[in-house]
Amino acid sequence: MEKREVDEQLKNLSFDMDEEIDDRNERRGRRATSYRHAHQPMDTSHAIILAAIIIVGGLWGGKLFYDYLQEQRMKAALNEAALYMQQSLKQAEQDSRRAQAEMRQRAAAEAQAREQRRTQELAQQKAERARIEQEKRFESAQCQFWWQQNQENPTERTVQKKAEACGGQNN
């Protein structure tokens with residue numbers, strides 16, 4: 001058999017099947033639908049216009065959806081950056097406060113140390129002045145006189161005069 005013969009047989013077969021289906025439907029009480037009541041195929045021009053509307057609508061909707069997603073991503077990134085900046089700012093403020101507190105503590109410790117040194121220096125100066133003054137009293141003629149008098153003739157009066165002249169020491 002040639003290919004042409006097979007194609008013709010298939011065409012005839014399909015027509016025969018359509019006729020058999022129509023005959024069976026009539027026997028069962030169904031009427032064959034006329035072609036004017038059946039759904040009419042769409043014109044090619046209408047199909048092209050509908051396809052163009054679907055494509056344009058799909059592309060436009062896709063673009064809007066893509067833009068929306070990009071906007072959401074951008075908002076999320078900006079929020080994350082803002083949170084990071086807030087955390088960095090809080091950390092910097094804490095570090096600054098901690099550094100200021102340390103500086104205040106150091107300044108207070110230095111001031112306290114200076115005050116202690118100044119107090120010690122004043123006490124040393126006072127002690128030195130008292131020692132010099134005491135030496136001057138011991139070297140004075142009046143102290144030497146009463147000291148010698150007390151050693152030679154110790155009496156209540158010589159002890160008292162020695163204490164007055166030499167500054168109260170009973171050496």
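Per-structure values
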item: Residues that are open to solvent by less than 80 Å² (accessible area, probe 1.4 Å) and either in contact with a helix residue (DSSP H, G or I) (Cβ under 9 Å, 6 or more places away or on another chain) or of a type in the set (D, E, K, R) (or both), drawn from the range 156-171; result: Thr158, Val159, Lys161, Lys162, Ala163, Ala165, Cys166, Gly167, Gln169
item: Boolean, Glu80 is at pLDDT 95 or above and acidic (Asp, Glu); result: yes
item: Within the range 100-131, tally of residues that are open to solvent by 100 Å² or more (accessible area, probe 1.4 Å) and polar (S, T, N, Q); result: 5
item: Evaluation of Phe138 against (1) in a helix (DSSP H, G or I); (2) without any contact (Cβ under 8 Å) to a residue 24 or more places away in the chain (one fails), failing number; result: (2)
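To keep it simple, each residue is scored yes or no on (1) in contact with a helix residue (DSSP H, G or I) (Cβ under 9 Å, 6 or more places away or on another chain); (2) acidic (Asp, Glu).
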{"site": "Glu71", "(1), (2)": "no, yes"}
{"site": "Met74", "(1), (2)": "no, no"}
{"site": "Arg114", "(1), (2)": "no, no"}
{"site": "Arg118", "(1), (2)": "no, no"}
{"site": "Trp146", "(1), (2)": "yes, no"}
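The values are calculated or read from the model by the stated rules, or taken from the named source; none is laboratory data. Because the structure is a prediction, the values reported are computed rather than measured. Heads up, the Cβs are rebuilt from the backbone with ideal geometry, glycines too, and the neighbour counts pull from every protein chain shown. When the accessible area is computed, the model is the full protein with side chains, heavy atoms only, and any ligands, DNA or RNA have been set aside. Shrake-Rupley method; radii C 1.70, N 1.55, O 1.52, S 1.80 Å.
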